[in-house]
Amino acid sequence: MTVPVASPGRPVPPAPDGRGPSGPRWDAAPGVIRPRHDTEGMVRWGTRLAALLPGAALVGLAVALLIEALPAIRGNGFGFFTRTTWDPGNFYNPPVVVNGVARPDGASYGAFPLIVGTLASSTIAMVIAVPVAFGTAMIVVHKLPRRLSNTVGMLLEMLAGIPSVVFGLWAALTLGPFLAHHVSPFISRTMPDVPVLRFFKGPVGSGEGLLTSGLVLAVMVVPIIASTTRDLLRQVPRGTQEGAVALGMTDLEVVRSVSIPWVRTGVIGACVLGLGRALGETMAVAMASGTVLGTVPRNVYSTFGSMAGVIVSQLDSALTDATGFAVETLAYLGLVLLAMSLLANIGARLLVRRASTTALPVGRGI
Amino acid sequence: MTDAVGTHTGTETALRQAEAGPAAGPPREVAFTPAFSCRGVGVGFGAKTVLEGVDLDIAPGTVTALVGPTGCGKTTFLRTLNRLNDRVPGFRRSGTISLVGEDLYDRHMDPLVVRRRVGMLFQRPNPFPLSIHENVIAGVKAHRLAPRSELRSITERSLREVGLWEAVADRLGSSPFRLSGGQQQLLCLARALAVRPDVLLLDEPTSSLDPVSTEAVEDLLRSLVPGLTIVIVTHNLAQARRLADRTVFFHGGRMVETGETAELFENPQQEETRNYVSGRFG
Ligand SMILES: Nc1ncnc2c1ncn2[C@@H]1O[C@H](COP(=O)(O)OP(=O)(O)OP(=O)(O)O)[C@@H](O)[C@H]1O
Ligand SMILES: [Mg+2]
């Protein structure tokens with residue numbers, strides 16, 4: 001690098017902000033370069049605006065949804081969370097007024113099965129995806145030669161970019177039937193009849209259901225978690241890892257006492273991103289779940305409906321409800337989904353704060 | 001502090017012999033099993049040859065300094081002594097190295113055990129992202145050297161040994177990254193000593209420390225011999241003179257000369273050594 005030197009006889013003017021001369025500026029003729037404070041002001045306001053934008057978008061979205069959902073919140077009450085029925089009512093009879101809100105005769109909505117279905121499919125997805133993603137990232141970073149590791153990383157990113165409808169097709173046409181014919185019967189037969197595992201027993205259905213949806217969600221979530229974890233693992237300092245090796249630790253112990261603590265907070269963040277994706281995933285689940293309304297799934301092979309899937313599949317018919325109650329109810333459902341995603345996010349943040357009592361010397365991603 | 005001896009009988013005998021020897025430096029003739037004995041050691045990475053024909057004996061219970069111009073292979077040699085290079089792709093090695101009479105690279109030598117017996121302190125402090133307490137006992141736990149109930153006392157003893165106890169006693173559960181650089185290095189030293197190694201390898205351990213911390217570390221290292229065998233790489237010739245019983249001069253991947261420290265500095269036998277110790281290159 002060459003250091004610019006003032007030509008002889010021409011003194012170096014002090015920089016206007018006292019930060020010292022930089023760049024070729026002080027060699028240029030006066031007036032050529034715009035005064036510095038001008039652009040700095042613009043930059044300052046620009047960055048402030050940019051910083052406010054995401055918050056404004058979030059609040060705006062929530063408020064718009066809330067306004068839309070307000071009649072449904074009043075009309076459905078808190079029973080919305082416990083009822084299992086999903087009945088739009090009879091559009092041909094005159095509407096009735098309940099709690100001050102007009103609705104078609106006999107309309108009754110309950111989100112309980114949808115909430116259970118959404119949480120259950122996302123749980124299955126995360127239980128599978130988190131260990132698989134972490135293992136993948138570990139192998140990519142530590143076991144594969146550089147060239148192959150880059151290829152695998154590229155494939156992961158491509159996997160993340162596949163439209164979800166393609167995953168949905170695959171789940172409905174290939175994965176679901178395969179599971180129903182070759183895998184689920186075996187699992188259903190061999191699982192012991194004890195709590196939790198009991199959900200793996202019972203009729204296996206035809207392939208549409210929780211297990212298929214959970215698996216396809218896992219495939220969609222793995223790339224999100226794995227690629228972030230890979231980037232974080234690459235940031236773990238070599239010297240720290242070698243310190244652990246030099247102490248006589250096995251590879252697994254090095255991972256446990258250096259790699260995992262180093263990436264933990266970032267990986268939790270990535271998992272929340274993944275969970276958000278799983279909770280909100282619409283198309284693939286709509287295609288793989290069977291999208292049934294009004295029944296709570298009884299085992300992992302049961303067909304079910306997810307909140308997002310029901311919103312998209314019911315919107316068309318809801319628009320034919322002249323009272324508007326059906327659409328307002330879908331907005332309510334959307335609001336609940338939004339709240340669930342935000343709660344997951346906040347919960348993860350609290351978890352991260354707890355996990356990071358051992359502050360690291362550098363900031364990590366997420 | 002002389003209980004910093006491992007449980008390996010071979011070493012213990014050797015060390016007792018060493019302690020029995022005259023206090024004013026070890027004898028010129030090595031009369032006991034050397035801690036390390038290198039014969040025709042060559043090291044390379046892929047097509048690149050880094051070290052060639054190194055013959056060297058390191059007496060137990062002594063401090064040996066490795067000096068030489070940058071890039072001459074000191075670090076590589078050190079990392080060969082605890083088999084840390086095993087993990088480097090393309091690493092190849094010839095000749096023999098024995099650790100207290102046993103072939104270091106024998107098929108039946110477990111590198112994990114080797115690394116417990118031969119500890120290492122790096123140039124830059126590298127504490128683990130765990131609490132201070134967990135840092136100190138990380139090796140003890142990995143090798144299951146003590147029951148859980150003793151871990152606290154091991155932490156205290158190791159931290160006292162390096163003179164860090166007073167400074168961190170009230171924050172054993174907090175992050176080591178808030179300690180100063182010198183304190184972090186002492187913590188890493190405590191961590192290395194907690195597993196009771198026979199040998200400690202140090203790669204420019206004080207190059208990132210201020211003179212006061214450096215002196216503290218040097219005093220500490222001196223107090224660890226002859227219970228411990230120390231091999232230290234340093235660019236600081238004054239440090240080698242203060243600390244080392246013997247000094248080894250490396251140049252261009254070869255071991256040029258070795259001798260008692262005073263002898264090597266006052267009366268070097270080789271032209272290259274003379275140039276280096278008189279500050280004419282390197
Ligand atoms: N993994 C490796 N692959 C290839 N070459 C290597 C590797 N490690 C070290 N070398 C080479 O070996 C030579 C010796 O390196 P080494 O780090 O041992 O030197 P050093 O004496 O410790 O130097 P310094 O005093 O600067 O620390 C250097 O030329 C270096 O480029
Ligand atoms: Mg070096």
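Accessible area drop of at least 40 Å² (1.4 Å probe, protein heavy atoms): which residues of region B:84-115 qualify, relative to the chain alone?
At a threshold of 40 Å² (probe 1.4 Å), the residues of region B:84-115 that become less exposed are B:R87, B:L112, B:R115.
Provide a list, ordered by number, of residues in region A:231-252 showing at least 40 Å² less accessible area with every protein chain present than when their chain is taken on its own, using a 1.4 Å probe.
With the partner chains in place, region A:231-252 has these residues losing at least 40 Å²: A:T240, A:E242, A:V245, A:A246, A:L247, A:G248, A:M249.
What is the percent carbon and sulfur in the accessible area of region A:117-324, measuring with a 1.4 Å probe over the protein chains and ignoring ligands?
Percent of accessible area from carbon and sulfur atoms in region A:117-324: 69.
Report the residue, chosen from A:L319, A:L337, A:L52, that carries the largest GNM mean-square fluctuation when chain A is represented by alpha-carbon nodes joined by springs under 10 Å.
In the Gaussian network model the winner is A:L52.
Once you charge only the Cβ atoms, +1 for Lys and Arg and -1 for Asp and Glu, what is the size of the charge dipole of chain A about its Cα centre, to the nearest 20 debye?
Result for chain A is approximately 1200 debye, rounded to the nearest 20.
Report, please, the projected area of chain B averaged over directions, based on the convex hull of its C-alpha atoms, in nm².
Projected over every direction and averaged, the Cα hull of chain B covers 14.8 nm².
Just checking the output field for B:118-128: average partner chain Cβ neighbours within 10 Å of each residue's Cβ?
Mean shielding count: 5.
Restricting to the protein assembly as shown, compute how many DSSP beta bridges are antiparallel as a %, nearest 5.
Taking every DSSP beta bridge within the protein assembly as shown, about 60 percent pair in antiparallel fashion.
For region B:149-282, what is the accessible area per residue in Å² when the probe is 1.4 Å?
Solvent-accessible surface per residue comes out at 40 Å².
Using modelled amide H (1.01 Å from N, peptide plane; none on Pro or chain starts), what sits under 5 Å from the amide H of B:M120, excluding residues fewer than 5 places away?
HN-HN under 5 Å from B:M120: B:L201.
Carbon and sulfur together cover what percent of the accessible area of chain B at a 1.4 Å probe radius?
Ligands and nucleic acids excluded, carbon and sulfur give 48 percent.
How big is the B/A interface in buried accessible area, both sides summed, 1.4 Å probe, to the nearest 100 Å²?
Interface between B and A: roughly 1900 Å².
Report ³J(HN,Hα) in whole Hz for each residue of region B:258-274, in order, from the Karplus equation J = 6.51 cos²θ - 1.76 cosθ + 1.60 where θ = phi - 60°; Gly and Pro get x.
Each residue of region B:258-274 in turn: 9, x, 4, 3, 4, 4, 5, 7, 7, 9, x, 8, 9, 4, 4, 4, 4 Hz.
Is chain A best put as rounded, prolate or oblate by its Cα gyration tensor, with a ≥ b ≥ c the root eigenvalues, rounded for a/c under 1.5, and otherwise prolate when a/b is larger than b/c, oblate when not?
Oblate shape, in that a/c is at least 1.5 and b/c is the bigger or equal ratio.
Please find, in a Gaussian network model of chain B (springs between Cα atoms separated by less than 10 Å), the residue of B:A59, B:A142, B:A216 whose mean-square fluctuation is greatest.
B:A142
Using a Förster distance of 30 Å, how high is the FRET efficiency between B:R152 and A:L252, based on the Cβ-Cβ distance and rounded to 0.05?
0.75
How much of the calculated P(r) for the protein assembly as shown lies past 37 Å, in percent of all Cα pairs?
Across the protein assembly as shown, Cα pairs with separations above 37 Å total 57 percent.
Under 15 Å from the 7 Å Cα→Cβ point of B:E166, by amide nitrogen: which residues of region B:185-223?
B:213, B:216-217
Given the options B:V50, B:V140, B:V113, which has the most mean-square fluctuation in a GNM of chain B, springs set between C-alpha atoms less than 10 angstrom apart?
Comparing B:V50, B:V140, B:V113 in a Gaussian network model of chain B, the most mobile one is B:V113.
The values are calculated or read from the model by the stated rules, or taken from the named source; none is laboratory data. All of these numbers come straight from a predicted model, not from anything done at the bench. Neighbour counts run over all protein chains shown; Cβ positions are idealised from the backbone, glycine included. Protein only, heavy atoms only, side chains kept; ligands, DNA and RNA dropped before computing areas. Shrake-Rupley method; radii C 1.70, N 1.55, O 1.52, S 1.80 Å.
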